[in-house]
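The values are calculated or read from the model by the stated rules, or taken from the named source; none is laboratory data. As the structure is a prediction and not an experimental result, all values here were calculated from the model. Cβ sites come from the backbone with ideal geometry, for glycine too, and all protein chains shown count toward neighbours.
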Amino acid sequence: MAISPYVRDLRSRVGHDLLLLPGVTAVIRDGSRFLLARQHGSPSWGTVGGSIEPGEEPQEAVAREVREELGVDPVVGGIVGAYGGSHFVFEYANGNRVSYVSIAYECRLPAGANISFVDDELVETGWFTRDEVATLPRDPWVDRILEDAAHRPETADA
């Protein structure tokens, strides 16, 4: 995962101490299936997402993250929910600690879109029903987000 200049500057001041950072998550859906991804060095599946940069609109951030990670411009729809808490606290291999508060957005990929791992952050993607997701090793917050998304009607614009 690449570190932004903003976070790099914060890290130069606070070291490995816990940072509270805003983030976004793309809930990419095709009917009853959801697109999940796996990052380098992780056995767990999760949604595509990342940090919001200073001055960036959250909707722009989720579109940028999908573009950077999948090489596709998504159609961004409504908000699924906002998430935080203990399942969003991470300690990276270098000792940096982060607590994310993430806004999840409904997203749709254009018909016929070809996924390509543009920034080499991901190694694998797959489309899964919620029953299939239940059999996967996954990030602890995935079930909560997909549960909320599944209770929303899929919209044409996202």
In this structure, does residue 65 turn out to be in contact (Cβ under 8 Å) with a residue 24 or more places away in the chain, farther than 18 Å from residue 143 by Cα and charged (D, E, K, R)?
-> yes
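Under 18 Å from residue 138 (Cβ atoms), in contact (Cβ under 8 Å) with a residue 40 or more places away in the chain and surrounded by fewer than 21 Cβ atoms within 10 Å (Cβ to Cβ): does that describe residue 87?
Numbers: under 18 Å from residue 138 (Cβ atoms): yes; in contact (Cβ under 8 Å) with a residue 40 or more places away in the chain: yes; surrounded by fewer than 21 Cβ atoms within 10 Å (Cβ to Cβ): yes.
For residue 87, the condition - under 18 Å from residue 138 (Cβ atoms), in contact (Cβ under 8 Å) with a residue 40 or more places away in the chain and surrounded by fewer than 21 Cβ atoms within 10 Å (Cβ to Cβ) - is met.
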For residue 76, the lone unmet condition from (1) among the aliphatic types (A, V, I, L, M); (2) crowded, with 18+ Cβ neighbours inside 10 Å; (3) under 27 Å from residue 135 (Cβ atoms) is (3)
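Here is a check on your reading of the model: is residue 11 in a strand (DSSP E or B), among the basic types (Lys, Arg) and surrounded by 14 or more Cβ atoms within 10 Å (Cβ to Cβ)? Give the derivation first.
Numbers: in a strand (DSSP E or B): no; among the basic types (Lys, Arg): yes; surrounded by 14 or more Cβ atoms within 10 Å (Cβ to Cβ): yes.
When the stated conditions are applied, residue 11 does not pass them.
Tell me, which residue of segment 53-68 that is out of contact with any strand residue (DSSP E or B) (no Cβ under 6 Å at 6 or more places or on another chain) and within 16 Å of residue 7 (Cα to Cα) is surrounded by the fewest Cβ atoms within 10 Å (Cβ to Cβ)? Give the steps one after another, and end with the answer.
Step one: of segment 53-68, the residues out of contact with any strand residue (DSSP E or B) (no Cβ under 6 Å at 6 or more places or on another chain) are 53-57, 60, 64, 67-68.
Those still in the list that are within 16 Å of residue 7 (Cα to Cα) too: 53-56.
Numbers: 53: 15, 54: 9, 55: 7, 56: 14.
The selected residue is 55.
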Residue that is modelled with the lowest pLDDT, among those in segment 114-123 that are more than 14 Å from residue 72 (Cβ to Cβ) and surrounded by 12 or more Cβ atoms within 10 Å (Cβ to Cβ) | 121
Single residue of segment 52-98 satisfying the filter (assigned to a helix (DSSP H, G or I) and of a type in the set (D, E, K, R)) that is farthest from residue 37 (Cα to Cα) | 60
Of the residues in segment 1-60, those that are in contact (Cβ under 8 Å) with a residue 40 or more places away in the chain and among the charged types (D, E, K, R) number 7
